[in-house]
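A short worksheet on the structure shown next.
The numbers here are math on the coordinates, done by the rules we state, and not lab data. Quick caveat: nothing in here was measured; it's all calculated off a predicted structure. A quick note on method: Cβ atoms are made from the backbone with ideal geometry, for glycine too, and the neighbour counts reach across all protein chains shown.
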Amino acid sequence: MGIVKTSPWRLDVLLLVASVLALSSTNGDSQPLVPAMFIFGDSVVDVGNNNNLETLVKSNFPPYGRDFIHNQSTGRFCNGKLASDFTGENLGFTTYPPPILSKEANGKNLLLGANFASGGSGYYETTAEIYGTISLSKQLAYYKEYQKKLVGIAGKSNATSIITGSVYLLSSGSSDFVQNYYVNPLLYEEYTPYQFSDILIQAYSHFIEELYKLGARKIGVSTLPPIGCLPASITIFSEDSNKCVDKMNKVAEYFNKKLNATSITLKSKLSGLNIVVLDIYKPLYDLVQKPTDYGFFEARKACCGTGLVETSYLCNKESPGTCKNASEYVFWDGFHPSEAANKLISDDLLVDGIALVS
C-alpha cells in the first residue's frame, strides 16, 4: 500500500478545516458548514444518475466501487470515493446528496441537496446527446423540479434559505474534448481546439447565469484536468510515446485561463455571487509527473482497463490486469482518478472550499 506524504501546508489546512468544523458544532453535534450541496456536471462527480439511463457510460458494476462503503458499485466512476465526496465530508456532511434520478431522491433526503451530474455530459450540448446522458440544460431542468419539491417539504421560506445558503459544485468539459472533439471530425475539422474552448466557455457562462437566476450564490467550478495525461488520451493520441500529450494539455491550460477570466467577470456582474475556480489541473499534473513523491506507484496506466482503449465500459470484472491495490495508482480507469488521488485533490482544494463557504 502506498504511503501518502502530507506536506506541512496541507496539515495546516486540514487543521484549519477541523477548527472551523469544531466551531460549527452545537451542543456536541457537528453541523455542516452549509445547509446542502448541489452537484452538476460529468462523470467526475456522477454518483449514479447514469444507472437509470440507456447509455454505455455506466459504472454500476464490479470492480467499480470495490473500495467504497460496503464494496458497492453505486455508479461512481471510481474504485471508491470521488473528490466531491471528500469535499462534502470536509464541509461536515455525514451522508452524500442523492442522485436525482434515484429512488433515494425524495422526502427529507432532499434537504441535503441533490446530485444532477451525468457521466458523458459536457458544456457542449451534443456531447451528452452522443452518449445518451443528461446535458447541463437538462440538469438545470431537473434542478427546477427539485426546487418545487423542496418547497413542499421545507416550506417556501426554509427552501429559499437552503437554496441561497448552499454550495453548488460544477465539473465539466473533459468529455467535450476527450470523448467528443478529438474523436469527432465534424468538430475538429470545423474548429481549432481553441475555438472550441471559446464555445465551451460561452456555454459555461450561460449555465452560471441560469443557475444564479435560480438562487445559487456559492458556486465552485473545477478547471479542466491535464487531459493529455489521462491514460485514455496517452493510449489514443500519444503516438506510442507513453508520455502526456502536450498539445492537449496546452488546450486545457488555455481553457482554464479563460475559465478564470470569465468567472471574474461573472462575479463582478452578478450581485452577491461568490464563485470560486477550483484548480484540479495542477495537483493532478503534479501527481502524474512525480507519483512517488505522493506515495503512488503508477501514473501512466490505469488500475482497471484493457491496456488498449480504457473506457468505463471496458473496465469490468473480466478486465485483464486489474490491479490489486488501487491506492498505488493515480488513475482508476482511463479517464478517472483513483480514490487515493481524489483524496489528495480534495485536500488541495480545501483553502478554496473555505473561501467558498465563508
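Taking the Cα-to-Cβ direction at PHE297 and at LYS267 and moving 7 Å from each Cα, how far apart do the two end points lie in nm?
Taking the two extended label points, one gets 4.2 nm.
Counting other beta carbons within 10 Å of each residue's own, what order do ASP176, ASP198, ASP347 fall into, fewest first?
Ordered from fewest to most neighbouring Cβ atoms within 10 Å, ASP176, ASP198, ASP347 come out as ASP198, ASP347, ASP176.
With charges only on Cβ, +1 for K and R and -1 for D and E, what is the dipole size of the chain about its Cα centre, in debye, rounded to 20? List each step's numbers first, then the result.
Working: 30 positive and 34 negative charges, 180 e Å.
My answer is approximately 860 debye.
Packing-wise, with mean Cβ within 10 Å as the measure, how do 238-246, 110-118 rank, highest first? The partial results should precede the final answer.
Working: 238-246: 13.3, 110-118: 25.8.
Most protected by this proxy first, the peptides run 110-118, 238-246.
Taking other Cβ within 10 Å of each residue's Cβ, how do ILE199, ILE134, ILE280 sort, fewest first?
Working: ILE199 15, ILE134 28, ILE280 23.
Going from least to most buried by this count: ILE199, ILE280, ILE134.
Quick check on the exposure proxy: order LYS218, LYS290, LYS258, LYS149 from fewest to most C-beta atoms within 10 angstrom. The partial results should precede the final answer.
On the way: LYS218 21, LYS290 11, LYS258 18, LYS149 15.
With the fewest neighbours first, LYS218, LYS290, LYS258, LYS149 line up as LYS290, LYS149, LYS258, LYS218.
Sort 89-100, 51-62 by the packing proxy (mean of other Cβ within 10 Å over each peptide's residues), most packed first. The partial results should precede the final answer.
Numbers: 89-100: 19.9, 51-62: 17.8.
Answer by packing, highest mean first, reads 89-100, 51-62.
Beta carbons within 10 angstrom, averaged per residue: use that to sort the peptides 34-40, 326-332, highest first.
Details: 34-40: 23.1, 326-332: 25.3.
Averaged packing, sorted descending, gives the order 326-332, 34-40.
Could I get the Rg over Rh figure for the stretch 223-284? Both from C-alpha atoms, Rh via Kirkwood, rounded to two places.
Numbers: Rg = 14.9 Å, Rh = 12.9 Å.
Rg/Rh: 1.15.
Working out 0.36 nm times the residue gap between GLU54 and SER161, then minus their Cα-Cα distance, what length gain in nm do you get to one decimal? Present the calculation step by step, with values, prior to reporting the outcome.
Values: separation 107, 0.36 × 107 = 38.52 nm, distance 3.57 nm.
Stretched fully, the GLU54-SER161 segment lengthens by 35.0 nm.
Using only helices, what value at 222 nm comes out for the chain when you add -39,500 (n - 2.57) per DSSP H run of length 4 or more and divide by the total residues, to the nearest 500 deg cm²/dmol?
Mean residue ellipticity at 222 nm (helix-derived): -12500 deg cm²/dmol.
What relative contact order, as a whole-number percentage, does the chain give when Cα pairs under 8 Å and 6 or more residues apart are counted? Show your work: numbers first, answer last.
Numbers: 697 pairs, mean separation 70.7, N = 358.
Here the relative contact order equals 20 percent.
Could you give the semi-axes, largest first, of the ellipsoid that matches the stretch 32-357, computed as the square roots of 5 times the alpha carbon gyration tensor eigenvalues and rounded to whole Å? Could the numbers behind the result be given before it?
Details: eigenvalues 172, 102, 69 Å².
Working from the Cα gyration tensor, I get semi-axes of 29, 23, 19 Å.
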